[in-house]
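What follows is calculated from the coordinates using simple rules that are stated; it is not laboratory data. Keep in mind that what you see is a predicted model, and the values were worked out from it rather than measured. Cβ coordinates were reconstructed from backbone atoms using ideal geometry, including for glycine residues, and neighbour counts include every protein chain displayed.
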Amino acid sequence: MMPFEMAQPTSLREAVGLLDPDDPAVRPVAGATALMLMMKSGVFRPTRLVSLRSVETSFARTEARPDGELRIGALSTLSSLEHSEAVRQRAPVVVEALRTLANVRVRNVATVGGHLAHADPHMDLPPVLIALGASVLVFGPSGDRVIPVEELFAGYYETALERNELIAELIVPPQGRKGAAYFKCTTRSADDWPALGVAVSVDSDGAEIREARIVISAATQKPTRLAAAEAVLRGGASDAVLRRAAEAAADEAEVVSDNHGSAPYKKQLVRVYVERAVRKALGASTGSGRRT
């Protein structure tokens, strides 16, 4: 491993000042669960790492606001979210997804901000957060800006972040009576990288779906909403509607082949798991799994 500088700022503003917008070999680092693997394999050779471990502790807190909104500091570990009562009450699908995300050793170290900024399309939380309508508060030299998580990912391992910007906070809006579900299909153990991830959020009274969000990941270059499938669901909740939505999702999804499976195999996974996720989300929304 090549030698590099390790900077240890004590504030987020100082950390941003140590980043270089013109040098991709200068990176921020928090939990380093992914970055260390890249360094060990020689994929990434840093000239400077900017450690975020000593910045303000406020960026490692979770706040449940009276209106139902969740504010989660970017330096919060995935494990802290998994065990947060506020997250379990306001966004239980996040807790459920975390239980099979990697392993407890990774979750104890990996941070929310790093998880999102890494932009690996196989990650579990991005599709869930997109389904929940979440955003990130980003801090840079010019100040703050808010980016919907749906718009954060620009491509394979690419984000809309500038090289001298940092995710400061994750914002999950009030969910009200919406129901949400996440399914991941792996080719090995349950905590492995998924061949397909499907996250769904629905606003329903049981007989009618007023609004739906369907997001897939892992089988695509980045987490992707399926607008055509969402449109099929609006206004209905019957078995026939759910089946049509699943078919529309399979037709719409632009999946890719990799070592987790071929594109035709993943198309079939989309068809099966979208319907399952919608059914589960409807049950969470209405309090029962019954369909009309």
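Quick notes on this one:
- Of the strands (runs of 3 or more DSSP E) entirely within segment 137-248, those holding at least 2 residues that are over 30 Å from Val50 (Cβ atoms) occupy 179-185, 196-204, 209-217.
- Some residue of segment 117-133 being in a helix (DSSP H, G or I), in contact with a strand residue (DSSP E or B) (Cβ under 8 Å, 6 or more places away or on another chain) and more than 27 Å from Lys267 (Cβ to Cβ): yes
- For segment 110-127, the count of residues that are in contact (Cβ under 8 Å) with a residue 24 or more places away in the chain, surrounded by fewer than 24 Cβ atoms within 10 Å (Cβ to Cβ), closer than 22 Å to Pro28 by Cβ and among the β-branched types (Val, Ile, Thr) is zero.
- Every condition in (1) within 29 Å of Gly197 (Cβ to Cβ); (2) touching a residue at least 24 places away in the same chain (Cβ under 8 Å); (3) assigned to a loop (DSSP other than H, G, I, E, B) holds for Arg107 except the one numbered (3).
- Filtered by the rule that a residue be under 21 Å from the mean Cα position of the chain (by Cα) and among the β-branched types (Val, Ile, Thr), segment 220-270 gives Thr220, Thr224, Val255, Val256, Val270.
- Selection status of Pro194, crowded, with 16+ Cβ neighbours inside 10 Å, touching a residue at least 60 places away in the same chain (Cβ under 8 Å), touching a Pro at 6+ places or on another chain (Cβ under 8 Å) and of a type outside the set (A, V, I, L, M, F, W, C): no
- Restricting attention to segment 89-103 and to residues that are of a type outside the set (Asp, Glu), surrounded by fewer than 23 Cβ atoms within 10 Å (Cβ to Cβ) and out of contact with any Asp or Glu (no Cβ under 9 Å at 6 or more places or on another chain), the residue that is nearest to Pro223 (Cα to Cα) turns out to be Pro92.
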